[in-house]
1. Select from the stretch 30-60 the residues that are farther than 17 Å from residue 148 by Cα and over 18 Å from the mean Cα position of the chain (by Cα) and write down the one among them that is most open to solvent (accessible area, probe 1.4 Å).
2. Any idea which of 77, 83, 88 is touching a Gly at 6+ places or on another chain (Cβ under 8 Å) and either of a type in the set (Asp, Glu) or open to solvent by 70 Å² or more (accessible area, probe 1.4 Å) (or both)?
3. Has the stretch 61-69 got at least one residue that is within 26 Å of residue 136 (Cβ to Cβ), free of Cβ contacts under 8 Å to residues at least 24 places away in the same chain, more than 8 Å from ligand 1 (Cβ to nearest atom) and open to solvent by less than 40 Å² (accessible area, probe 1.4 Å)?
4. State which residue pairs qualify: first residue part of a helix (DSSP H, G or I) and inside the stretch 22-38, second residue of a type in the set (Gly, Ala, Ser) in any location, beta carbons under 7 Å apart, and separation of 6 or more residues or different chains.
5. So which of 126, 150 ends up being within 12 Å of ligand 2 (Cβ to nearest atom) and loosely packed, with under 14 Cβ neighbours inside 10 Å?
6. Search the stretch 56-77 for residues being touching a helix residue (DSSP H, G or I) at 6+ places or on another chain (Cβ under 7 Å) and within 9 Å of ligand 2 (Cβ to nearest atom), and hand back the single one that is farthest from residue 124 (Cα to Cα).
7. Examine the stretch 94-102 for a residue that is more than 8 Å from ligand 1 (Cβ to nearest atom), at pLDDT 95 or above and surrounded by 13 or more Cβ atoms within 10 Å (Cβ to Cβ), and state whether such a residue exists.
Amino acid sequence: MYHRLWTAVNIILIVGTIIYIWFFSSHNNSYIITSQFLAQIAIILFFINVNMYFIFLVIRKTSIRKVKIHLAKFSRIMMKWHIKIGVIATIIIIGHASINLFQVGPVVGFTHPKLVTGYLAILLLSVTLFAGYLRHKRASGFRRKFHLVSAFVFLAAFLLHMFIFI
Ligand code: HEM
Ligand code: HEM
């Protein structure tokens with residue numbers, strides 16, 4: 001039952017961002033289109049990483065043995081890619097931020113809410129990466145919570161950033 005909700009939320013997030021970015025927030029400057037394209041790719045990668053929470057949650061909670069074994073195998077494959085996905089998405093988003101800093105900043109001002117929430121998102125991304133690194137080195141109750149909470153605060157921040165109109 002919950003897997004339907006989980007799949008639905010993922011589809012809504014991905015299709016929703018595609019519709020928002022390309023239909024409601026369309027621009028005709030090729031630099032900005034590039035920056036939007038980079039942001040679109042990166043946020044899909046971030047969504048994939050955030051999904052680890054739900055995979056581990058179902059593994060912990062399910063009483064169906066087949067689901068537990070299947071997801072445990074799946075999570076091992078996903079975790080092989082988890083750090084690479086996080087690092088690649090970060091590099092992509094730095095490209096997005098640089099373009100906007102040089103192309104949009106001087107036009108709308110560097111204190112425009114779109115940019116301020118962008119700085120906030122980058123800051124929270126750094127915290128998430130740092131927390132992920134700590135957790136990777138040595139897991140503890142605190143480190144696990146720290147990475148988990150920072151990942152969700154980061155998710156909230158970039159969704160807010162994305163939906164601010166420019
Ligand atoms: C983790 C960090 C970030 C994420 C995930 C992110 C994500 C996004 C997404 C998905 C959009 C498309 C929404 C739209 O078209 O309205 C967007 C737009 C924008 N972002 Fe970011 N962003 C981040 C960091 C930044 C930073 C640091 C800045 C400022 C330098 C910035 C400035 C902008 C601007 C000006 C736009 C509107 C123009 C455009 O789409 O390129 N972003 N961002
Ligand atoms: C884009 C950034 C990232 C996001 C959004 C993200 C998100 C997440 C989430 C939601 C979980 C599941 C947490 C749980 O259920 O307790 C997780 C697990 C984990 N993440 Fe990240 N993460 C990111 C980057 C990283 C990086 C860069 C590292 C390491 C250098 C890392 C290392 C880990 C480790 C070790 C786990 C635990 C896996 C396990 O329990 O077997 N993460 N991450």
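The values are calculated or read from the model by the stated rules, or taken from the named source; none is laboratory data. This is a predicted model, so every value here is computed, not measured. Glycine also receives a Cβ, built like all others from the backbone with ideal geometry; neighbour counts cover every protein chain displayed. Keep in mind that these areas ignore ligands, DNA and RNA; they rest on the heavy atoms of the full protein, side chains included. Shrake-Rupley method; radii C 1.70, N 1.55, O 1.52, S 1.80 Å.
1. 31
2. On the way: 77 fails: touching a Gly at 6+ places or on another chain (Cβ under 8 Å); 88 fails: touching a Gly at 6+ places or on another chain (Cβ under 8 Å).
Every option except 83 fails the conditions.
3. Scanning the stretch 61-69, I find at least one residue that is within 26 Å of residue 136 (Cβ to Cβ), free of Cβ contacts under 8 Å to residues at least 24 places away in the same chain, more than 8 Å from ligand 1 (Cβ to nearest atom) and open to solvent by less than 40 Å² (accessible area, probe 1.4 Å), so the answer is yes.
4. Pairs found: 38/95.
5. Of 126, 150, the one residue that is within 12 Å of ligand 2 (Cβ to nearest atom) and loosely packed, with under 14 Cβ neighbours inside 10 Å is 126.
6. 75
7. yes
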